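> The structure follows.
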Amino acid sequence: MKSIWLGLAVVAGIVSCTKDDTTESLPMEPGSALVKLSIHTPSSSVPKATRSVADEDEGAVSRIKLAVLELSGGIYRCRYIVDGQQIVQSTADSRITTFNALLTSSDVPLKIVLVANYNDAFDSGEIVDDMAESNFKEWLIDSFSSDIEGELPLYGEISLPQLKADQPNSFSVTMLRAVARVDVNNNIDPEFSEDFRMESVYIYRANDRYNIVPSSSALQTEGKMSVSSATVPGSASVYAAYSKTVESDGDKSITRTYLPESLPVTDQSLQTSTATCVIVGGYFADDTAPSYYRIDFDSGFDGHPFGQVLRNHKYIFNIMQVNGRGWPSPNDAAENEATAITATMQVWDELTSEMWFSGDENYLGISSRKVVMQYFAGSDKTETLQATVPFSIKITDENGDPTGQVITPEGGTFTTDFYRLEVVKDSSSGDDVWKMLFTATGDNYTEAEFTGGLQVYTDWWTFDIEVVQETYEGMMASRYVRVLTITDLDGDLGTTDGTFTEVSGEAMRRVLENPSNFSPSGQVTIGGIIVYDLKNATITSQSASDMYILEKVLSDVDVVHLPAECTPSPAAAKLITGWHSSKANNILIVGFDSDNTNSNIESYVYDLEDADVGSGSGTWETTSQVTGLERAEDDWQGRTERFFNGPFGAVAETIMGLSKSTIGYNNGYNDETTAPLLRVAAGSDVHLMMTHGINITAGVFYCGDSGITSNRGSAMSAAAQTDGIVSSDFDRLMANIWAWIVERTTMISENS
């Protein structure tokens with residue numbers, strides 16, 4: 001899908017998988033593939049009051065390499081490395097960068113590993129030709145430099161079933177920062193603590209090297225990409241202590257100190273002497289010489305043990321109290337336990353929280369100060385609250401003032417204009433843990449986010465929590481729908497050769513690729529629709545190697561399109577139906593051409609044997625008629641109105657062009673699960689034969705030989721065939737169905 005529109009040429013040298021870009025170029029295979037990429041760095045989700053004002057360059061990219069790994073013998077192996085060219089950072093959003101690369105076309109599955117802003121990872125040492133994926137990723141080790149200020153090292157990855165030279169190859173990928181960030185804020189309240197003037201921050205026992213790619217066991221890819229544990233190379237050593245200082249007398253924060261990941265220290269006897277830690281220097285009360293205080297990476301939350309530092313995390317330490325003079329030097333502070341200072345910790349990307357202390361035992365912790373729900377009703381989000389002190393939760397209005405609704409530690413529920421909050425005790429996690437369950441009560445199709453607020457009260461502190469429901473367009477503009485089509489068959493979506501026959505799928509493909517239809521600025525807001533191709537020979541096979549390829553491809557798609565001539569083997573049908581049932585959002589599109597096509601899928605998508613109505617006795621059958629198709633009943637059982645009156649307009653009840661024999665399902669519309677969309681036109685002796693229908697609950701769109709994509713009998717308009725312009729009733733119906741597919745595949749609920 002043309003998800004990025006760049007009128008740019010590209011020149012890039014492809015080299016073998018060595019660390020030396022000057023090595024002799026590999027011979028190019030016939031045909032090269034231009035790849036256009038848009039990379040995104042995750043946004044920080046921290047309170048605005050503690051956010052640094054100069055974060056724009058944290059998503060900047062100055063240099064990037066792409067390592068191409070091909071599937072061979074069931075293992076991905078590194079074939080070559082290429083530089084990204086024509087790097088452009090978005091002026092509207094500094095977290096988005098686009099660039100081009102020239103790769104070699106390939107008919108086998110690929111993984112493309114992207115590495116940006118690397119240091120010396122590619123400068124020394126040789127890589128063995130065709131190195132296996134696991135070895136290659138372990139080999140990608142970079143040296144850490146404490147003077148890093150922006151252009152942070154980044155990692156991302158794309159999986160492709162193949163790469164074609166003769167079609168657009170545009171992709172979007174989220175990249176993780178390979179380092180963590182530390183911000184220290186002086187939040188002293190004179191009412192509770194003596195005066196303290198911060199002047200420096202030191203990092204002790206950080207690692208001097210880091211793995212660019214996190215280990216597979218640490219990487220989390222469901223929902224927002226993140227890591228759950230640290231990946232540290234065995235060759236890493238302790239980096240010399242380094243520091244940052246307050247830039248002016250008026251500053252109360254020292255921000256943007258970066259460091260690599262660190263492993264937790266579980267042995268309590270070694271925590272003081274070996275754990276990575278932060279040392280804060282400053283002047284206590286009226287002292288004229290600074291003293292130094294230790295702060296440890298220890299949030300108190302599960303999954304974030306003592307001393308652990310994770311990539312792509314922003315650790316915010318808020319100094320709340322200083323009760324006395326610290327150690328005389330930073331070295332002394334680093335060799336002794338923390339004393340005389342109370343601080344908190346918060347991170348990038350919603351994983352840990354702020355902890356605010358008074359003394360050693362009284363605390364309140366909140367897992368996020370900003371709660372974001374998706375645009376649709378029922379979208380939910382769960383946050384954790386830990387407390388050993390009495391608290392209450394109050395809803396606030398647009399001015400931040402309490403409205404009178406209150407929840408106490410005993411639990412409760414209240415509802416606002418756009419969300420419901422339920423607070424329940426989580427005894428399984430401890431006596432001091434509560435779950436805050438947020439659920440959107442309606443859809444947000446407006447132009448602006450819905451926003452609201454909460455305040456958490458204790459005897460010592462008041463916390464503000466921001467609650468947001470995204471807009472449909474705001475969320476969808478960065479989402480992509482990935483479609484797998486089976487090629488070498490009538491009506492497949494892989495047709496791009498410009499040859500328009502009655503069975504060509506190119507008309508539908510052009511509708512999906514036209515930016516006026518499906519794009520951030522299109523009729524349906526979506527980042528793009530990416531179509532992957534897989535040859536029919538692969539899914540008709542029973543071989544282990546072909547099934548391995550199919551399984552890998554299925555893991556990266558949202559929609560599977562099986563054209564009307566597909567004959568998946570039993571093994572392939574098992575994988576496809578297993579993929580479909582594995583996630584409620586997945587969509588399966590199934591065509592039928594005869595009793596043999598997709599026969600191994602039939603019993604799964606439709607219980608054909610149970611239907612016993614009409615001359616066909618509930619089977620797919622061919623009818624030779626020339627009167628065309630007509631729309632089924634309006635809003636059949638409340639299921640079809642959205643398809644007949646959708647984003648692309650209303651679909652007329654008139655007969656749509658179809659002059660060839662067609663396949664339909666003769667069940668008399670008595671089925672309770674599937675909504676009919678098109679049927680054989682009135683006057684035919686098989687009037688109740690349904691040719692197109694959708695099981696909305698299960699997410700199955702089925703159709704007969706007329707297809708969803710083809711030009712058979714001039715079903716798709718000439719305008720759609722030429723440039724993807726939706727103009728006919730059949731065009732509108734198909735585009736409205738794809739609008740539903742886009743919405744269905746992108747609705748992901750955290751708790752579902």
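> For S215 and E335 in one chain, what is 0.36 nm times their gap in residues minus the Cα-Cα distance, to one decimal in nm?
On the way: separation 120, 0.36 × 120 = 43.20 nm, distance 3.09 nm.
Full-extension gain reported as 40.1 nm.
> As an exercise, use a Förster radius of 51 Å and the Cβ-Cβ distance of E149 and D723 to find the FRET efficiency, rounded to the nearest 0.05. Don't jump to the answer; show the numbers that get you there.
Details: r = 47 Å, r/R0 = 0.92.
Using R0 = 51 Å, I get an efficiency of 0.60.
> Please compute the length gained on full extension between T245 and T654, using 0.36 nm multiplied by the number of residues separating them and subtracting their Cα-Cα distance. Walk me through the numbers on the way to the answer.
Details: separation 409, 0.36 × 409 = 147.24 nm, distance 7.48 nm.
Gain on stretching T245 to T654: 139.8 nm.
> Now for a different question. Between segment 412-476 and segment 259-298, how many Å separate their Cα centres?
Cα centroid to Cα centroid, the span is 34 Å.
> Something else: Report the extension gain between A537 and D443 in nm, rounded to one decimal, defined as 0.36 nm multiplied by the number of residues separating them, less their alpha carbon distance. Working shown, then result.
Working: separation 94, 0.36 × 94 = 33.84 nm, distance 4.30 nm.
Additional length available on full extension: 29.5 nm.
> In segment 375-410, which GluC sites (Glu not before Pro) fall in coil by DSSP and have 12 or fewer other Cβ atoms within 10 Å?
E398, E410
> Based on the Cβ-Cβ distance from R63 to K164, what FRET efficiency comes out when R0 is 25 Å, to the nearest 0.05? Before the final figure, lay out each step's value.
Values: r = 27 Å, r/R0 = 1.09.
Plugging the Cβ-Cβ distance into 1/(1 + (r/R0)^6) gives 0.35.
> Let me ask you something else. Pop a pseudo-label 7 angstrom from the Cα along the beta-carbon direction at both D107 and E641 and give the gap in nm to one decimal.
It works out to 5.1 nm between the two label points.
> Roughly how many Å² is the accessible area per residue of segment 431-488, as a whole number, for a 1.4 Å probe? Walk me through the intermediate numbers first.
On the way: 2470 Å² over 58 residues.
Ligands and nucleic acids excluded, the figure is 43 Å² per residue.
> Oh, and also: Roughly how many nanometres apart are two label points built 7 Å out from the Cα toward the Cβ at D286 and D120?
According to this spin-label approximation, the distance is 5.1 nm.
> Turning to a different aspect of this structure: Measuring from label point to label point, each 7 Å out along Cα→Cβ, what is the N399 to R197 span in nm?
That separation, rounded to one decimal, is 3.9 nm.
> Go ahead and run the numbers for FRET between Q86 and D426, Cβ-Cβ distance against an R0 of 60 Å, rounding to 0.05. Mind showing how you got there, number by number?
Numbers: r = 51 Å, r/R0 = 0.84.
Taking R0 as 60 Å, the efficiency between Q86 and D426 is 0.75.
The values are calculated or read from the model by the stated rules, or taken from the named source; none is laboratory data. Note that the structure is predicted; figures quoted are calculated from it, not measured. Cβ coordinates were reconstructed from backbone atoms using ideal geometry, including for glycine residues, and neighbour counts include every protein chain displayed. To get the accessible areas, we keep the full protein, side chains included, count just its heavy atoms, and leave off ligands, DNA and RNA. Shrake-Rupley method; radii C 1.70, N 1.55, O 1.52, S 1.80 Å.
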